[in-house]
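A short worksheet on the structure shown next.
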Amino acid sequence: MNCHEATRTLSEEQERSLTLGEQVGLDVHLAVCPPCRSFRRQVAFLRESMQAYARRPNDDRDASQ
Amino acid sequence: MTTPADSGSSISSATDALNDPQFVEDLRRRMVRFATLQLSDASLAEDAVQEAFIGALRGSGSFAGRAAYRSWVFGILRHKIADQLRTQTRYAAAPVEDAEPDPAPDGLFEPDGHWTKEAAPADWGDPHASLRDDQFWRVFEACLDHLPGQQARVFMMREFVELESPEICRAVGISTSNLNVSLHRARLRLRGCLEQHWFGDEAARP
């Protein structure tokens, strides 16, 4: 598995359960690839921030008046 | 201006917001743009936005100020779009899987599929503190606005309207593999944009 394939698998991990084969291949790649480990954390953060974005109570300064 | 008598009143806050034509027009334009992208139908989009504004007037929302009003009315629109997309099944079943090739996006990966030096994701540390930073959200919104059409559409359906993958495939009429390719590209692009403009060493953070 190379980085392009790993990022595709990490993106699909957000959509469905990976097969055992995918999981093993991914784990082997992530063990030796810090940038893809960063990508995995960032994809999870994107989902969290989109949820926060959708429910954000305020985003400008008018509460100060 | 807020007087002691009406401070804390959600009615007066909503009225303040709605009495500012510039605020309402900016909000309406943003909502129509979003609804049109999601529904691919200008008149359905106008209707959904209209209904969201009416729903916000009817609702007993407690919002303190414009931002909260904006969030409230956008939330109503989000639910209307989700309902509309769930009923507007374009195809009885998702299209047959097409094994279309998925070339790596330009500039991100070497020919052998490994990250290029410039594109390799950095360690963002703990990014959660940024969620409380108004400036971060402006960068975030700008990055979302720069996603190309199809990527923006399905990414927002997935992560903002919060439809499940099969619902998106039915509403848009694309295969699961098409959807996964678009979501993958959107995530690559969005994280790249955030790193370039916020989290990276080169980012011009205040």
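Details
- In the stretch B:18-59, the qualifying residues are those that are under 26 Å from B:Ala171 (Cα atoms) and outside any helix (DSSP H, G or I), and the one that is farthest from the chain's Cα centre (by Cα) is B:Asp41.
- Scanning the stretch A:1-52 for residues that are of a type in the set (Val, Ile, Thr) and assigned to a helix (DSSP H, G or I) returns A:Thr7, A:Thr9, A:Val24, A:Val28, A:Val32, A:Val43.
- Residues located in the stretch A:4-40, provided they are touching a helix residue (DSSP H, G or I) at 6+ places or on another chain (Cβ under 8 Å), at the interface with chain B (Cβ under 8 Å from one of its Cβ atoms) and under 30 Å from B:Arg138 (Cα atoms): A:Thr7, A:Arg8, A:Ser11, A:Glu12, A:Gln14, A:Glu15, A:Pro35, A:Cys36, A:Phe39
- Considering the stretch B:149-190, the residues that are under 16 Å from B:Ile81 (Cα atoms), in contact (Cβ under 8 Å) with a residue 60 or more places away in the chain and not in a helix (DSSP H, G or I) include one that is most open to solvent (accessible area, probe 1.4 Å), namely B:Glu162.
The values are calculated or read from the model by the stated rules, or taken from the named source; none is laboratory data. Owing to the predicted nature of the structure, the values given are computational and were not obtained by experimental measurement. Reconstructed Cβ throughout: ideal geometry from the backbone, glycine too, with neighbour counts over all protein chains shown. Side chains included, ligands, DNA and RNA excluded: accessible areas come from the protein's heavy atoms. Shrake-Rupley method; radii C 1.70, N 1.55, O 1.52, S 1.80 Å.
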